[in-house]
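The values are calculated or read from the model by the stated rules, or taken from the named source; none is laboratory data. Computed from a predicted structure; not experimentally measured. Ideal geometry is used to build each Cβ from the backbone, glycine not excepted, and the neighbour counts take in all protein chains shown. Only protein heavy atoms, including side chains, enter the accessible area calculation; ligands, DNA and RNA are left aside. Shrake-Rupley method; radii C 1.70, N 1.55, O 1.52, S 1.80 Å.
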Amino acid sequence: MQQLVVSCSLSPASHSRVMALSLVQKLKGLGDKVRFVDLRDLDLPFCDGESCYAHPKVLELQAAVQEASAITIATPIYNFETGGATRNV
């Protein structure tokens, strides 16, 4: 099974990133193939509903999603909502 774990916090002190990395280690310990994506490293463009879909980093993330059997999104919650970076994904 190909697992995709996406860390969506842009904060250097992110607790959700720590959680995501912990999950990656647990899944690898179970023998799953895991791909970890950190939005801090991906530098996605803002979604404009048009030209952003051709951006190389968007295509990279799209391929990772298509290859995954399961996807986990680790995201911070701000005022009962997911952060803007998560919604941009």
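Model label points for ASP32 and ALA70, set 7 angstrom from Cα along the Cα-to-Cβ axis, are 0.3 nm apart.
Our coupling estimate for the stretch 75-89, obtained by passing each phi through the Karplus curve with A = 6.51, B = -1.76, C = 1.60 and θ = phi - 60°, is 9, x, 10, 10, 6, 6, 9, 6, x, x, 4, 5, 5, 5, 4 Hz, Gly and Pro reported as x. The residue among GLY31, ALA64, ILE77 whose Cα reaches farthest toward the positive pole of the charge dipole of the chain, with charges on the beta-carbon of Lys, Arg, Asp and Glu, is GLY31.
Out of the DSSP beta bridges found with both residues in the chain, what percent are antiparallel (nearest 5)? Don't skip to the answer; put the middle values down first.
Working: 2 of 13 bridges.
Within the chain, antiparallel bridges account for around 15 percent of the total.
Accessible surface of VAL89, taken over heavy atoms with a 1.4 Å probe and every protein chain present, rounds to 80 Å². With R₀ fixed at 41 Å, the C-beta to C-beta distance from CYS52 to MET1 puts the FRET efficiency at about 0.90. Given a 1.4 Å probe and the protein chains as shown, LYS26 ends up with an accessible area of around 130 Å².
With K and R counted +1 and D and E -1, the other residues having a Cβ less than 15 Å from that of ALA20 yield a net charge of +2. Each eigenvalue of the Cα gyration tensor of the stretch 17-75, multiplied by 5 and square-rooted, gives one semi-axis; in descending order these are 25, 13, 8 Å. Helical runs assigned H by DSSP (4 residues or longer) give the chain a calculated mean residue ellipticity at 222 nm of -11500 deg cm²/dmol, each run adding -39500 (n - 2.57) before division by the residue total.
Work out the length of the dipole vector of the chain about its Cα centre, built from +1 on the beta-carbon of each Lys and Arg and -1 on the beta-carbon of each Asp and Glu, and round it to the nearest 20 debye. All intermediate terms of the calculation are to be shown ahead of the outcome.
Working: 8 positive and 9 negative charges, 79 e Å.
Roughly 380 debye, rounded to the nearest 20.
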